[in-house]
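Visitor: Dropping a structure here in structure tokens format, bear with me for questions.
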Amino acid sequence: MSLKIENVTKRYRNFTAVENLNFHIEKGEIFGLIGQNGAGKTTTFRMILDLQETTEGKIYWDGQPIHKVNRDILGYLPEERGIFPHMKVEEQLYFFAELRGMKKADIKKDIDFWIERFELEEKRHAKAETLSKGNQQKVQLIASFIHKPKFLILDEPFSGLDPVNMDLLKQAILYLRDTENMTILFSSHQMNNVEELCDRLCLLKRGVSLFSGSLLDLKKQYGKTRLTIRTAMSLAEMTLPGVKDIQLVKGEYFLTLEDEQYAPAIFGIVSRGEYIEKFSLDYLTLDEIFKDQVGGVHV
Amino acid sequence: MSKFWVLLRTLYVQKLKSKPFIIMTTLYIIGLIGFTFWSDIKELFSGDENTPEIIAIYNGTAEDIKPYFVDDVDFAYEYVTQAEELEKGLEKGDYFAALELSDIEGKLAANIYSYEALGFKDQERLHDVVTSTSQLYAVGQLNLTPEQTALVLDSTPLVQMITINAEESTKSTDEKVAGMVGSYAAGIIIYIVVISFLSIITTDVASEKGSRALEMLLVSVKPEIHFRSKVFGIFLVAVTQFSIVGAVLFGLLRFVDGGAKWDMVMNLIGELPPSYYLFVTAFLILTILLYLIIGALFGSLVSKVEESSQVMTPTMILIIIAFYVMISGVSNPDTLLIKVFSYIPFTAGMVMPMRIGATDMHIAEPAIALLILFASVAAIYKISLSFYKRSVLTYSTGGIIQKIKTVFKVTT
């Protein structure tokens, strides 16, 4: 086990930002911390990074209290742009790498590698303030892991990125895990990205953990209650058992079931009439679960 | 290389390459060159190559006053036989000014004429000329022997200051003048360095905080290392600027006019004991460090760089107060106000050197003030460090008091 959060609470006088938080992350795992704005994600990150003290509880890295750990094993990408606006891209990366104790020979090699991978060759000598938001995000991301930390925290890494750059970033995250065996903790409001990258996650609501565990376990709690049907029949006028909600979007019916056991009965009803193009029973998406858990949009 | 040195070196190189540093240093150098070559520049614009102004004199006394008026760099004298010629000459522009001299009850009386109103300096110089002439004229009336005349004219007293209390040192007037000049220079240096670099350190910390670069930095380095690197990095930049300007000044004094100005400065420096320079250097360094520490702390309070001026204002007011107290001490460095401010840490650096140089005081007094300043710098450094750790990642709105309250609220 790499990171262990044990009964962690953070209070500011009368306000509790994080309450009795518990989770752990295995070495080489990508772990998602999700929650609405103000749920306590950034506070949790700051406590892990020893930028803020915990009010109660302990945080361990490899069994050692986090404040005793060499800070160079940590990498951090803050939610907002955190680079020096007047510094050139290459200078900036060199500075962060040197600050993290990298050897000069390795710095040049690694900067070249990541600049090429993130398609920043033309911007190498440009000042950070002249870059687009997306490119600034890429530079900041490289700066956060150029020193190959053992544990990388990414706070909203996908914000401000277009789909192409988002894909580049996802590939980079997977690369870091697979080649460097990096342990990665990240937060995102884009649940599809969390689903795509995370093995396990923790769901926060107003500082309280609603769920901590594998994504599959979370989905299993809801069961396979998302039923998609494409048919020429009009399902809206039919009486179907166990259906909580039905919506027609671009020729497909999306049904939310009370339980997956109702699916065979529904299949029996709709297959009696006409040809069915699609009948698919799935787990809810993380986005739907998130809305249900923290947003009050019940499915 | 340690993280402290990486931060310090990066900051130092960045600031040295920055436009504001280059522009400010260039401006100081231009100012120094202008000051050193002022007489040449003046000549260039006036084009008169120091030609003395012609002063016409009509002598209405019975004495031969010609020996009393000796031509110098400012004035050359011409004599007319008729009083009416003065007015005509002035109208034609032949004379710069004119003196009509007469004798009233044994005293020299003078009317000073000019076509246009004279400037303050010219008026003052002409008045001085007439005053000294009237003294010579009065002596001339006494029919003294040449030896007696020489004795009267060479009547400068031989003054020696003697203090009975053996513990009190007694400085000569020359020493006090040298001390005053040296202290004034030290005060001006402190003022300029603080005014320039206080804003640099405050905006630098504020800019890093505002751009969130600080969050990335503080994952790697502890706040105290970051704080220390800022204070000493900017201090080094200030020392570098001071050294560049000092080197240029040295070159100008040493090599312009065959080193005449350099000899003058060396004479001035030679008037004061080495202990004076040690004290001034210590006050200079500690005062600049004190203000840089406060600047870094205040920079950590703001959430964005635009708010820097808001937090800098109180510190700026402090340094301006110190400067004006120092200026008031130029006319009289022995006042109670000067004495009190020479012990206050925020003003001591500018006021105490003046007292050391220009007044007779026991060495214990500047030593105590230095000790107070040193203790204050150490205490403020400690307090700032502790506060910096809390404030540097706290973002808030409102005035400076509100910001401090927020820091305590979210970190305790």
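The values are calculated or read from the model by the stated rules, or taken from the named source; none is laboratory data. It should be emphasised that the depicted structure is a prediction, and the values quoted were computed from it without experimental measurement. Note that we place each Cβ from the backbone using ideal geometry, even for glycine, and neighbour counts take in every protein chain shown.
Visitor: Determine if region B:18-36 includes at least one residue that is among the hydrophobic types (A, V, I, L, M, F, W, C), touching a residue at least 24 places away in the same chain (Cβ under 8 Å), within 14 Å of another protein chain (Cβ to nearest Cβ) and more than 21 Å from A:Ala97 (Cβ to Cβ).
Guide: Yes, the conditions are met somewhere in region B:18-36.
Visitor: Hey, does region B:389-397 have a residue that's more than 14 Å from chain A (Cβ to nearest Cβ) and β-branched (Val, Ile, Thr)? Lay out the reasoning, then the answer.
Guide: We begin by selecting, within region B:389-397, every residue more than 14 Å from chain A (Cβ to nearest Cβ); these are B:397.
Keeping just the survivors that are β-branched (Val, Ile, Thr) gives B:397.
Taking every residue of region B:389-397 in turn, at least one turns out to be more than 14 Å from chain A (Cβ to nearest Cβ) and β-branched (Val, Ile, Thr).
Visitor: Sticking with this structure for a sec: Mind listing whichever residues of region A:202-216 are farther than 16 Å from A:Asp292 by Cα and part of a helix (DSSP H, G or I)?
Guide: A:Leu216
Visitor: Could you go through region A:84-97 and let me know if any residue there is more than 25 Å from the chain's Cα centre (by Cα) and of a type in the set (Asp, Glu).
Guide: yes
Visitor: Identify all residues within region A:121-135 that are touching a strand residue (DSSP E or B) at 6+ places or on another chain (Cβ under 8 Å) and either closer than 13 Å to A:Pro85 by Cβ or surrounded by 12 or more Cβ atoms within 10 Å (Cβ to Cβ) (or both); write none if there are none.
Guide: A:Arg124, A:Ala126, A:Lys127, A:Ala128
Visitor: Being modelled with pLDDT under 90 and more than 9 Å from every other protein chain (Cβ to nearest Cβ) is true for just one of A:Ala105, A:Ala97. Which residue is that?
Guide: Answer to the check: A:Ala105.
Visitor: Taking A:Tyr12, is it hydroxyl-bearing (Ser, Thr, Tyr), within 14 Å of chain B (Cβ to nearest Cβ) and surrounded by fewer than 23 Cβ atoms within 10 Å (Cβ to Cβ)?
Guide: yes
Visitor: Still on this structure, please answer the following. Out of region B:351-369, which residues are of a type outside the set (Val, Ile, Thr) and in a helix (DSSP H, G or I)?
Guide: B:Met352, B:Pro353, B:Met354, B:Arg355, B:Gly357, B:Ala358, B:Ala364, B:Glu365, B:Pro366, B:Ala367, B:Ala369
Visitor: Quick one: what pairs do we get from region B:318-329, first residue within 10 Å of B:Met354 (Cβ to Cβ), second of a type in the set (Gly, Ala, Ser) and surrounded by 18 or more Cβ atoms within 10 Å (Cβ to Cβ), C-beta under 7 Å, 6+ apart or different chains?
Guide: Taking only residues 6 or more apart or on different chains, the pairs are B:Met326/B:Gly187.
Here is a yes/no grid of residues against (1) modelled with pLDDT under 85; (2) among the hydrophobic types (A, V, I, L, M, F, W, C); (3) surrounded by 16 or more Cβ atoms within 10 Å (Cβ to Cβ):
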| site | (1), (2), (3) |
| --- | --- |
| B:Glu100 | no, no, yes |
| B:Glu116 | no, no, no |
| B:Asp122 | no, no, yes |
| B:Asp128 | no, no, no |
| B:Thr131 | no, no, no |
| B:Leu136 | yes, yes, yes |
| B:Thr145 | yes, no, no |
| B:Leu151 | yes, yes, no |
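Visitor: Ok, one more. With respect to A:Glu180, is the statement that it is closer than 23 Å to A:Asp282 by Cα and either in the same structural domain as A:Thr9 (by TED's automatic domain parsing) or modelled with pLDDT of 90 or more (or both) true? Steps first, answer last, please.
Guide: Values: closer than 23 Å to A:Asp282 by Cα: no; either in the same structural domain as A:Thr9 (by TED's automatic domain parsing) or modelled with pLDDT of 90 or more (or both): yes.
Considered against the rule, which asks whether it is closer than 23 Å to A:Asp282 by Cα and either in the same structural domain as A:Thr9 (by TED's automatic domain parsing) or modelled with pLDDT of 90 or more (or both), A:Glu180 comes out as no.
Visitor: So, A:Asp62, is that one away from every other protein chain (no Cβ under 14 Å), touching a residue at least 24 places away in the same chain (Cβ under 8 Å) and in contact with a helix residue (DSSP H, G or I) (Cβ under 8 Å, 6 or more places away or on another chain) or not?
Guide: No, not satisfied.
Visitor: Among the residues of region B:210-230, write down those that are surrounded by 22 or more Cβ atoms within 10 Å (Cβ to Cβ) and more than 10 Å from chain A (Cβ to nearest Cβ).
Guide: Once the filter is applied, which keeps residues that are surrounded by 22 or more Cβ atoms within 10 Å (Cβ to Cβ) and more than 10 Å from chain A (Cβ to nearest Cβ), region B:210-230 yields B:His226, B:Phe227, B:Ser229, B:Lys230.
Visitor: Would you be able to tell me the number of residues in region A:206-236 that are more than 18 Å from A:Tyr283 (Cβ to Cβ), surrounded by fewer than 16 Cβ atoms within 10 Å (Cβ to Cβ) and of a type outside the set (Gly, Ala, Ser)?
Guide: Of the residues in that region, 3 qualify.
Visitor: Here's a follow-up. In region B:33-75, which residues are closer than 30 Å to B:Ile188 by Cα, at pLDDT 85 or above and of a type in the set (A, V, I, L, M, F, W, C)? Break it down into steps so the answer makes sense when it comes.
Guide: Here is the first cut: in region B:33-75, the ones closer than 30 Å to B:Ile188 by Cα are B:33-45.
Next, only the ones that are at pLDDT 85 or above stay: B:33-34.
Selection gives B:Ile33 alone.
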